[in-house]
Every structure is written in C-alpha cells, then in structure tokens.
1. Please state which of the following conditions Lys48 fails to meet, knowing it meets all the rest: (1) modelled with pLDDT of 85 or more; (2) of a type in the set (D, E, K, R); (3) not in a loop (DSSP other than H, G, I, E, B).
2. Kindly indicate which of Val42, Val62 is open to solvent by 100 Å² or more (accessible area, probe 1.4 Å), at pLDDT 85 or above and under 35 Å from the mean Cα position of the chain (by Cα).
3. Out of Arg34, Arg23, Arg88, which single residue is surrounded by 10 or more Cβ atoms within 10 Å (Cβ to Cβ) and at pLDDT below 80?
Amino acid sequence: MTRALSIAVLAVLLLASTVYYLRAGRAAQPVAKRAETTIPLVTVSNAKLEREADQVTLAGTVQAESQAAVGVKVPARIIGILVREGDR
C-alpha cells in the first residue's frame, strides 16, 4: 500500500509539473498584441562635486576584544580601584 501511494503521489507531481511547464511556455511566447515595446522612464542629471562630512555620529555598543577577571587568592577587602575605564 505504501508503494502504491508513493507511485500515485509521484504521478500527481509529474502531471502538475508538466501542466505548469506547458502553461509557462505559452505565457513566455510573444503575442501579436504585445508587439509594442515599453521603454522604462529614466532621469538623467549632471554629476556635482560636493564635500563629504568631516564627522559622522553613530550610535552603538562597544565591546572589549578580551576581558580579564581580577581576584585574589586569599580573602581580602578591596578598599579602592585606582584606575578608570579607558586608562592604559
């Protein structure tokens, strides 16, 4: 029964693809009424020399390429951090 069902499905697919192919072939053939060629509208203008912006403002998120965890081997209390973000 499974084999018969598979053959039936393949036959339906083959028939459907043949019908589609034949209809697409007829639509692609030129028709005498469609002999007129349509020309797309195009706007032409002269090129101008303009100055680029010196500065561009963008919004986003910056992430570090690598990160390091700071810790100690013995229990202790951190009194202060003497560097700021961006310091080298």
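The values are calculated or read from the model by the stated rules, or taken from the named source; none is laboratory data. Only a predicted model underlies this, so the values are computations on that prediction, with no experimental measurement involved. Neighbour counts are summed over all protein chains in view; Cβ atoms, including those assigned to glycine, are modelled from backbone coordinates with ideal geometry. Quick note on the areas: whole protein, heavy atoms, side chains included, nothing else; ligands and nucleic acids left out. Shrake-Rupley method; radii C 1.70, N 1.55, O 1.52, S 1.80 Å.
1. In the conditions (1) modelled with pLDDT of 85 or more; (2) of a type in the set (D, E, K, R); (3) not in a loop (DSSP other than H, G, I, E, B), Lys48 misses (3) alone.
2. Val42
3. Criteria check complete, one pass: Arg23.
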